[in-house]
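Throughout, read-outs are computed from the coordinates displayed, never taken from laboratory work. Note that the structure is predicted; figures quoted are calculated from it, not measured. Using ideal geometry, Cβ is built from the backbone for each residue, glycine included, and neighbour counts are taken over all protein chains shown.
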Amino acid sequence: MMPAMLGTTVTARACANIALVKYWGKRDAALNVPAAGSLSFTLDGLRTETSVRFGPELSVDTMTLDGREAGSKEIARTSEWLDLVRARAGISTRAAVHSTNHFPTASGLASSASGFAALAVAASNAAGLTLSLRELSILARQGSGSAARSIFADFVRMHAGHSADGSDAFAEPIASPLASRVRMVICVVGGGAPKLYSSRDAMDHTEATSPLYRAWVDCVPADLRTAEQALRDGDLATLGTVTEANTLAMHASAMAARPAVIYWQPTTLALLHRVRELRHDGLAAWATMDAGPHVKVLTDDATAETLAATLRTVPGVSNVIISGAGPAASVVTP
Ligand code: PMV
């Protein structure tokens with residue numbers, strides 16, 4: 001698609017993603033380069049729509065989130081990120097950003113991945129840039145590490161890279177026969193209350209103080225190899241096993257930080273046990289948790305409804321959402 005003329009509003013859409021092999025810790029904080037790779041599943045139905053217009057009449061960047069003016073911290077973070085786009089396009093024009101999350105009510109899910117992926121597509125187009133998918137992924141990463149993965153559909157692999165400038169820290173899709181039949185059953189715990197520590201602060205704190213941080217980073221490459229092979233083989237059981245083991249390793253490193261980062265609530269642990277029991281009974285179900293109390297369960301299309309009905313009865317679960325594979329980020333054509 002042709003890039004837009006400056007002054008034109010461009011709207012883009014991107015979906016959230018859930019990591020099966022987690023990103024937790026940075027190799028370079030300034031460039032937001034991860035310490036290790038990660039692997040994720042893009043979620044259909046959990047999407048952000050963002051429109052951007054660079055307006056010569058604007059004296060500052062402005063931003064609305066779900067129809068309301070964004071807070072000063074969010075505007076500052078976005079503005080700093082927009083400077084990367086402006087530098088690349090050779091412009092100094094300020095922008096008006098409108099971002100809306102079309103997430104199921106009270107999903108309690110982080111939207112920074114879909115948010116920065118949609119912003120990268122909309123802002124680069126609105127600035128007149130034509131970027132490759134790899135360049136878009138790198139740009140999204142500079143806003144939020146997990147956003148680099150939301151540029152792509154289905155299963156996605158993020159590379160940590162080795163370069164000093166972060167140019168080889170990008171995501172790319174991985175083809176798998178599992179894409180059409182995998183489902184995530186998302187169990188929302190505690191009504192989606194705001195979290196105590198952001199993933200950004202908590203991973204920095206884990207890196208700085210946890211005696212288990214190195215062990216965590218060191219276990220990721222083998223988990224990635226196992227997950228990638230499972231995706232190629234269409235082996236859901238192996239993918240699920242490494243998914244659950246990897247999230248527990250990530251949380252163990254965070255819990256060992258000083259002071260500890262504990263995202264789990266009693267309901268989180270109850271769900272984790274329930275998933276293990278159901279698996280023991282023969283159901284395809286493997287749990288993963290991120291920087292919050294919610295439990296996301298990897299399963300298949302044949303099991304998702306039964307699993308959701310069972311997990312909905314666990315006390316403290318406020319909502320259960322089933323999601324299949326989502327599409328790549330794209331410009332929304334008017
Ligand atoms: O992209 P961030 O800075 O919100 O970090 C994401 C961290 C986790 O969700 C816990 C793991 C991941 O890989 O998405």
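Can you give me the long-range amide H partners of ASP300? Hydrogens built in the peptide plane at 1.01 Å from N, cutoff under 5 Å, separation of 5 or more residues or another chain. Distant-sequence amide H within range of ASP300: ARG183. Note the angle between two axes, namely the Cα long axis of helix 72-89 and the longest principal axis of the Cα atoms of the chain, as a number of degrees from 0 to 90, rounded to the nearest 10. Value to nearest ten degrees: 60. Close amide H pairs (under 5 Å, H built 1.01 Å from N) link LEU43 with ALA16, ASN17, ILE18, GLY326, residues at least 5 positions away or on another chain.
Karplus-derived 3J(HN,Hα) values for the range 165-173, using 6.51 cos²θ - 1.76 cosθ + 1.60 with θ = phi - 60°, are 9, x, 6, 10, 9, 9, 9, 8, x Hz; glycine and proline are entered as x.
With contacts taken as Cα pairs under 8 Å at a separation of at least 6 residues, the chain carries a relative contact order of 24 percent. The order of ILE18, ILE91, ILE321, ILE151, going from fewest to most other C-beta atoms within 10 Å of their C-beta, is ILE91, ILE321, ILE18, ILE151.
Taking other C-beta atoms within 10 Å as the exposure proxy, MET184, MET203 rank MET184, MET203 from fewest upward. Using Cα centres only, tell me the gap between the range 265-334 and the range 47-70 in whole Å. Value for the Cα centre distance between the two parts: 33 Å.
In straight-distance terms, cross-link reach from LYS296 covers every one of the aspartates and glutamates whose alpha-carbon lies under 17 Å from its own, apart from those fewer than eight places away in the same chain; here that gives ASP44, ASP154, GLU244, GLU277, GLU305. Database remark: amide H of GLY128 closer than 5 angstrom to the amide H of ALA4 (H placed geometrically; neighbours at sequence offset of 5 or more, or on other chains; Pro and chain starts carry no H).
Residues in the range 233-246 carry Karplus couplings, in order, of 7, x, 9, 5, 4, 5, 4, x, 4, 6, 4, 5, 5, 5 Hz; the curve used is 6.51 cos²θ - 1.76 cosθ + 1.60 with θ = phi - 60°, and Gly or Pro positions show x. Helix 112-126 and the long axis of the chain differ in direction by around 20°, with both axes built from C-alpha atoms. A simple rule links phi to the HN-Hα coupling: the Karplus curve 6.51 cos²θ - 1.76 cosθ + 1.60 with θ = phi - 60°, which for the range 96-101 gives 10, 10, 10, 10, 10, 8 Hz, with x for Gly and Pro. Once C-alpha pairs closer than 8 Å and six or more residues apart are averaged by separation and normalised to the residue number of the range 1-116, the relative contact order reads 32 percent. The angle between the Cα long axis of helix 133-143 and the longest principal axis of the Cα atoms of the chain comes to about 80 degrees, rounded to the nearest 10. Each of TYR213, TYR23 was scored by other Cβ atoms within 10 Å of its Cβ. Arranged with the fewest first, they read TYR213, TYR23.
Here the range 122-162 and the range 204-236 have alpha carbon centers that stand 21 Å from each other.
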